[in-house]
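The values are calculated or read from the model by the stated rules, or taken from the named source; none is laboratory data. Computed from a prediction, not measured in an experiment: that's the story for all the values here. Virtual Cβ from ideal backbone geometry, glycine too; neighbours counted across all protein chains shown.
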Amino acid sequence: MSWPAPASVRWLLLALLLVAWEVVPLTGALPELFLPALSKTLAVLYSDRQIYLAALLVTLYEVACSMLIACGLGILVGALVGGTALLRDLLLPVFSSLYAVPIVILYPIFTAWFGVGSSSKIAFAGVYGFFPVMLSTAAGIRTIDPQFLLAARSMGATLSQQITRVIIPASVPTVFAGLRLGGALTIIGVVVSEMLTASAGIGYLVTLNRTILDSPRVFAGILAILVLSIAYYMLARALETRMVVWQSAGRQQRSSAGVSTAAVPAPAAA
Amino acid sequence: MQHLANVTELRRRVEEAAIEVDGVSHVYAGADGGVAALVDIKLAVGKGRFVVIVGPSGCGKTSLLMMLAGLRQPSQGTIVCLGRPIPKPDPQRVGVIFQEASLFPWLSTLDNIEFPLSLRGVPRQERRQRSKAMLSLVGLEGFGERYPHELSGGMKQRVAIARGLVQDPPLLLMDEPFAALDEQTRMTMGHELLRIWSTTQKTVVFITHSLTEAVYLADEVLVMSARPGRIIDHIQVTLPRPRSYEMMATEQFGQLRDRIWQQIRKAP
């Protein structure tokens, strides 16, 4: 007997989960306050589509702006800290320990500085996503195999050529891993800050409907954020695979490489 | 008359020296005055010769090679490569091939081979032409679009050799290029290298730990002592060329290998 492919098992599990979401509330095992049926959630999402769409646009706008800040500043500072020994020794321990601080504690300060509108969410989520991007960029530059630089120098590479032709391409995979994580954190940052103090956005809708115990509308908001995060994750993965061709090429074609290796001794003997 | 012939011979050899190292010492900076890595190295490598350097780990073989490549400067003494000193890397004069393949994983085989040419801004078409010629020289036609991950250890070293040869430098420095390979691949690669060497007329300085490899490849073997490194023996390998695997079983081969081993063993 052969096992089904993991991908089909995953889809089956998802389908089962959705069916359970629909069936369990119908049986009356759980009150609607705990878990409204899937159909009811979707119905609410459809009837309130204009409200949810407007809220989603606000959230998306905040996420986009904070990602720009997190990724831009993260790469810039990470490259400086990873590339210069002085800054590295001075700042890296500080940044690494700051990473452990629950930055959400600073959010009240952000609202005091930037108000309850979008700016405070963008600033907060930007800071939240900045750390992984910056740390992995610094690590990516720091951990480059010195043999690469030695080889480049022996081939006559100038300092600027070493940076553009070796250091940058060599650190792309690590930087991308940081961007994926940092981007996910900005989504979390935006939603959390919307839930705390806000006047718009999906997170705000969820909190608002929770206080009035409107369970289907709470779940509708959760569903929207779920879809948003999964879409982001898939987009980031697709982008990463395209950008880091040489890594995926190595992984996917290992079997074919094995075949060609066996064919090599022929020219050697000639 | 004999004397005159010797003088003429000597002059010819001096004129045709590819590398002249004179009184080179190297000290690594440290708290207590530093560590002496090399002491008073003096050697001359004739054009077109295949010279192998052997010695215990940490004897400064690699440091010496770095200096010949212009990647490091000696604390004392002079180094002349092809008639000129080498204050910084000069890839058109000296090609270097390292221990591990050190190919760039983000570049395809052909792009890796072309890398030194692209640094100099050689036009794309000419680059492709030359890298393809190198690829077939090392016997890897058809693997140009592959990435290093997809190649075996031996294939990677072939690509590294192609990259070292693509600028056609008269001098090739190799720092334990086959150390990471298994015994069989290593033998094949050594044989390959001799084939390439005989077609390209390069001067080669080759570092290895393997005594068999040293005798099999070399015209001359230089034996270095443990740190601080100095040259303690200079052995002419008079085995005929082209070399074959069968020679390894001969008495002469065994004696040469034994002599190197005795030198290394008694080295302080």
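With respect to the stated conditions, A:Phe176 is within 14 Å of chain B (Cβ to nearest Cβ), at pLDDT 85 or above and surrounded by 19 or more Cβ atoms within 10 Å (Cβ to Cβ).
Figure legend. Inter-residue proximity from segment A:132-153: first residues assigned to a loop (DSSP other than H, G, I, E, B), second residues surrounded by fewer than 23 Cβ atoms within 10 Å (Cβ to Cβ), beta-carbon distance below 7 Å, spacing 6+ or different chains. Indicated pairs: A:Ile144/A:Ile167; A:Ile144/A:Ala170.
Looking across A:Val116, A:Val127, one residue alone is outside any helix (DSSP H, G or I) and either in contact (Cβ under 8 Å) with a residue 24 or more places away in the chain or buried (at least 23 other Cβ atoms within 10 Å of the Cβ) (or both). It is A:Val116. Restricting the search to segment A:155-175, which residues are small (Gly, Ala, Ser), in a helix (DSSP H, G or I) and in contact with a helix residue (DSSP H, G or I) (Cβ under 9 Å, 6 or more places away or on another chain)? Listed by number, the residues that qualify are A:Ala170, A:Ser171. Selection over segment B:25-73 of residues that are in a loop (DSSP other than H, G, I, E, B), modelled with pLDDT under 90 and surrounded by 21 or more Cβ atoms within 10 Å (Cβ to Cβ) gives a count of 3. For the condition over 18 Å from the mean Cα position of the chain (by Cα) and in the same structural domain as B:Ile207 (by TED's automatic domain parsing), B:Pro87 qualifies.
Here's a check for you: in segment A:151-165, which residue that is at the interface with another protein chain (Cβ under 7 Å from one of its Cβ atoms) and of a type in the set (A, V, I, L, M, F, W, C) is surrounded by the fewest Cβ atoms within 10 Å (Cβ to Cβ)? Filtering first and then ranking leaves A:Ala157.
Taking the conditions (1) away from chain B (no Cβ under 11 Å); (2) under 26 Å from A:Ala139 (Cα atoms) in turn, A:Ser199 satisfies each one other than (2).
Number of residues in segment B:105-143 that are within 14 Å of B:Ile161 (Cα to Cα) and either of a type outside the set (D, E, K, R) or in contact with a strand residue (DSSP E or B) (Cβ under 9 Å, 6 or more places away or on another chain) (or both) equals 15.
Name the residues in segment B:219-259 that are more than 19 Å from B:Leu193 (Cβ to Cβ) and of a type in the set (Phe, Trp, Tyr), would you? Please lay out each step first, then the result.
So the first thing to find is which residues in segment B:219-259 are more than 19 Å from B:Leu193 (Cβ to Cβ), and the list is B:223-236, B:238, B:249-252, B:254-255, B:258-259.
None; the set is empty.
Of the residues making up segment B:51-97, those that are charged (D, E, K, R), within 14 Å of another protein chain (Cβ to nearest Cβ) and within 22 Å of B:Val27 (Cβ to Cβ) are B:Arg72, B:Lys88. Out of B:Val205, B:Val215, one residue alone is among the aliphatic types (A, V, I, L, M) and touching a helix residue (DSSP H, G or I) at 6+ places or on another chain (Cβ under 6 Å). It is B:Val215.
Please verify whether A:Pro169 is more than 18 Å from the chain's Cα centre (by Cα) and under 30 Å from B:Val122 (Cβ atoms), treating the condition exactly as stated.
Details: more than 18 Å from the chain's Cα centre (by Cα): yes; under 30 Å from B:Val122 (Cβ atoms): yes.
Against the criterion (more than 18 Å from the chain's Cα centre (by Cα) and under 30 Å from B:Val122 (Cβ atoms)), A:Pro169 qualifies.
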